[in-house]
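Colleague: I have a structure I would like to understand better, so I am pasting it below and will then ask my questions one at a time.
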């Protein structure tokens, strides 16, 4: 396994940890903060990796690694969403909000 594959594996593992945290949240609870820590942390971790890679690798290498990570995230989160049930519109809004937050950070 090459270093690039190992980086993708590490970030996939981090995403899985945050997915497990998300699954434990009661989105209908009265006490609720947004954006959720799991998405904020994953976004920061991904951004940190990108910055560090930018200091040491050529742009095509960075693009290749980050593309693999993005595909991994898309697959993992898509499957995770299928497993979550949100009982009310308020809960649904809370559930979707962290992903809107991540989208604004990545733009």
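Colleague: Hey, fewest Cβ within 10 Å first, where do 42, 49 land in order?
Modeller: Fewest-to-most ranking of 42, 49: 49, 42.
Colleague: Same structure, new question: Run the numbers for residue 61 and residue 20: contour at 0.36 nm per residue of separation, minus the present Cα-Cα distance, in nm.
Modeller: 11.8 nm
Colleague: How would you rank 41, 85, 48, going from fewest to most other Cβ atoms within 10 Å of each one's own Cβ?
Modeller: In order of increasing Cβ crowding within 10 Å: 85, 48, 41.
Colleague: Mind giving me the FRET efficiency for residue 45 and residue 88? R0 is 22 Å, r the Cβ-Cβ distance, nearest 0.05 is fine.
Modeller: According to the calculation, E is roughly 0.10.
Where a number appears in this text, it was derived from the coordinates with a stated rule and is not lab data. Remember, it's a predicted structure, so these values are computed and weren't measured experimentally. Don't worry about glycine lacking a Cβ; one is built from the backbone with ideal geometry, like all the others, and counts go over all protein chains shown.
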